[in-house]
């Protein structure tokens, strides 16, 4: 039936594709040497044909000028926002002693295979151009696990900020993209129960408080409790993960839809689903966890007890960390990824953000959990390195701040220039260049016009548009007297100072100006 | 002949691949609807077969644990070096008023096509998984041009620091990789001749002086002069670019080899090659440019005169910028990329770097030039935005510093923790957590052990290993009296302070410590 199918192609594109397919070598690996020789002969002929076709194709074509679907450029204003947010987050990570690492943007495909469950279909693959089979990273967690296993590291507290890639169909208006920044903090190592886990929650609260973008709650749950709950409700063990990914949809879909998916797609018995439905509406504090420890069904499950005891300990540590009022134990929290093994958590903004006259619902803004078995999957002796971590949803934060900027509720400065060297008359380019050199060499952030004879008004307008506080203004009569003018752009006051003392005079004025107010995001 | 070839595959991998190939849709686009229907039927059967095979394949496999060829992880020490270098470079970019932008890691393949000349074969393509045809960015210059054209921006001074991708076979020991950071500064806009160009050179010298990694020279040349030189030597106009890419190899290969390549591979006449050979050995300052303006052959070429006059103006501006002694006008400098149209330049370390008992030859460490036609290639009306820019070879700089670190000639701190909260006795985990909370909430960089009962020696060792200057030591007897001890890790002196004044006491001591010396890269 294979050959019947292949009788159809007549035109050159099909030949070309088939030719590429054979030429890249994957086809020939699986056949005998003699056969291979014959194929090589045919391939040569096809390649000759292909080279003609390629020449035809190489004629310049019109194409749509755009970034790839689901991606975007960051302009200077967006970058100013982004860099400010990331600096604040990094400051918190460093406050907790985290080191920084980076990994390649792509991994061997095998490294990613089997780590993401139902989401694996969203992985970007690279074209096989000969050599290794590669895919773009889907998150920063699996690369971390690969790094730990490969480098035989058993203890690490690290942050990693980088772009990850998912072939999703995201709602870009809500700050979701196919290429997006992840901003991760993880603690790897064999430590005592819930101690690093609680610190991850502390880190999230410090970041969200620092960024001050709205009220939030930090939902927590435990994968062992979910497993125990599924067990107690009568779900067979091999359906735990897939049932879990149905529960994960509860933040977007009503219970009825999730129930239907469990029964029709996941093969969960209706009675089991109904039992699950009674648990996943529960949320509260330590008193709920203690009540559930006595629950008739759950108290028979070792996993459920383990999960509940973990939650109780976690909540106690959160109280010591002064963040108890931010935490909500929530049985509907499931998290999509397969690799979690212990505590899981998610920070959610509790109120829509008001921007101008519109309200923007943001939802989940950070999430993470414990994954104790992931590193072992990369170790030939299956040696485990327990890990717990959190990922900050920076893209959604950027999205909120960009909307505030667009609504005029916020101002950003995209450059940090302190001094603009302007000339009031023609033919001062060389003098401007000399003065810029003095200022640059003294470490002062300085600009001038790249035109020989710019208009005075244009130069001053540039200063105002870019919030540059000072201008050095060159005029013929002053220069003859060995003087230059320093102009305060906001007050428009001008003062003459000796040319040779310019650097000191500028530095003195900059020290007086409250430049922080001007730079502020 | 197609079908003969396809009779060979017998085993399941080939079926699977062919099935994928048909399934991704590219095959079916080129045939009729009825044919398509029949194929779909067959595809269904094949997919059923495939699903069985995929299940077989899904059994966990052993694979080599590595990063993809030509890539590497950055560990915390490498990241500390990298972040320090990049911060210094960014400081210079900002001193010159640059704004920051970012673009996606991949572009529509059509955006990159036809921009890189002979190097285009090194572009990484993404697999066609349905949708757009994408490639990883090869540099940051073409994405900038696409961004300017797409956003209709005619003026921009921006920096962009990001990873780029080339399927090269790089010498990784010399700091060359398939994935590497580029660090670009570019000025776009219609300005006066050589004014922004000279500032790019100023920026390079400021960065190389600031990083202080060795003596360097900044070679400059002009593409119009090269064109004029080729013209004057008798190279036909359609061979200018390809001859240029031969000249570009002069930094690595002797003239004899380059000459042979020109004649045998590029089809340049031997006499023309010999004439070129007499020019490309020349280098010097403004006096050389002035001498060449009177050269019998060159003075007949409009392009050569334009190039030489440009070089003379550039050298004059460089003198005003105080960097004349760093610049060398060098006729052998060609630069590999197709898109340059005006001045080109390259910074080269002039001495091998001594590391331990070894000498490391570094070579080119920054490069760039003017490209006035690139933005127009993306504009439907071919509207030009002239650009000039420079790229700092940060990977080579990282490589030198990493070698210095390995040789013990440099020390880096990978975290910034100021205070470690330790306990001298058992059962102080909760007390430690409370004290950490106070310190964190006061903005103090603090760590403690994630173990319930860590050994005192282990805790103090951690402080020494990580250059943490202070430890807060909890002991039962002190706590009963409302006191805690603060220990200076270097001097080993301990002082008792009231528990309730801890934050103030810690802050006072941190202010006294010269933390800069400890953090220093």
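The values are calculated or read from the model by the stated rules, or taken from the named source; none is laboratory data. Predicted model only: the values in this text are computed from it and were never measured. Cβ atoms come from the backbone with ideal geometry, glycine included; neighbour counts cover every protein chain shown.
With B:336, B:322 as the choices, which residue is within 14 Å of chain A (Cβ to nearest Cβ), in a loop (DSSP other than H, G, I, E, B) and touching a helix residue (DSSP H, G or I) at 6+ places or on another chain (Cβ under 8 Å)?
Details: B:336 fails: within 14 Å of chain A (Cβ to nearest Cβ).
Result of the check over B:336, B:322: B:322.
Here residue A:521 meets the list (1) modelled with pLDDT of 95 or more; (2) under 38 Å from the mean Cα position of the chain (by Cα); (3) surrounded by fewer than 20 Cβ atoms within 10 Å (Cβ to Cβ) almost entirely, failing just condition (1). When B:359, B:271, B:319, B:290 are checked against the criterion of being free of Cβ contacts under 8 Å to residues at least 40 places away in the same chain, farther than 21 Å from residue B:386 by Cβ, in contact with a strand residue (DSSP E or B) (Cβ under 8 Å, 6 or more places away or on another chain) and surrounded by fewer than 23 Cβ atoms within 10 Å (Cβ to Cβ), a single residue qualifies: B:359. Just name the residue that is surrounded by the most Cβ atoms within 10 Å (Cβ to Cβ) out of those in segment B:152-170 that are more than 9 Å from chain A (Cβ to nearest Cβ) and more than 23 Å from residue A:105 (Cα to Cα). So, considering only residues that are more than 9 Å from chain A (Cβ to nearest Cβ) and more than 23 Å from residue A:105 (Cα to Cα), the one surrounded by the most Cβ atoms within 10 Å (Cβ to Cβ) is B:154. Taken over segment B:96-118, the criterion of being touching a residue at least 40 places away in the same chain (Cβ under 8 Å) and in a helix (DSSP H, G or I) is satisfied by B:111, B:117, B:118. Return yes when residue B:405 is surrounded by fewer than 22 Cβ atoms within 10 Å (Cβ to Cβ) and under 22 Å from the mean Cα position of the chain (by Cα) and no when it is not. Against the criterion (surrounded by fewer than 22 Cβ atoms within 10 Å (Cβ to Cβ) and under 22 Å from the mean Cα position of the chain (by Cα)), residue B:405 qualifies. Within segment B:294-310, is there a residue that is assigned to a helix (DSSP H, G or I), in contact with a helix residue (DSSP H, G or I) (Cβ under 6 Å, 6 or more places away or on another chain) and free of Cβ contacts under 8 Å to residues at least 60 places away in the same chain? No, because not a single residue in segment B:294-310 is assigned to a helix (DSSP H, G or I), in contact with a helix residue (DSSP H, G or I) (Cβ under 6 Å, 6 or more places away or on another chain) and free of Cβ contacts under 8 Å to residues at least 60 places away in the same chain.
In segment B:122-151, the qualifying residues are those that are facing chain A (nearest Cβ under 9 Å) and assigned to a helix (DSSP H, G or I), and the one that is surrounded by the fewest Cβ atoms within 10 Å (Cβ to Cβ) is B:151. Selection over segment B:322-353 of residues that are out of contact with any strand residue (DSSP E or B) (no Cβ under 8 Å at 6 or more places or on another chain) and farther than 30 Å from residue B:146 by Cα gives a count of 4.
Got a sec? Which helices (runs of 4 or more DSSP H) wholly within segment A:171-261 have at least 2 residues that are within 14 Å of chain B (Cβ to nearest Cβ), at pLDDT 95 or above and surrounded by fewer than 17 Cβ atoms within 10 Å (Cβ to Cβ)? Even if it seems obvious, please write down each step before you answer.
On the way: elements: A:195-211, A:223-233, A:240-247.
In segment A:171-261, the matching helices (runs of 4 or more DSSP H) lie at A:195-211.
Scanning segment A:94-121 for residues that are facing another protein chain (nearest Cβ under 8 Å), at positive phi and touching a helix residue (DSSP H, G or I) at 6+ places or on another chain (Cβ under 9 Å) turns up just one, A:114.
One residue stands out among those in segment A:78-90 that are in contact (Cβ under 8 Å) with a residue 24 or more places away in the chain and facing chain B (nearest Cβ under 9 Å): the one that is farthest from the chain's Cα centre (by Cα), which is A:80.
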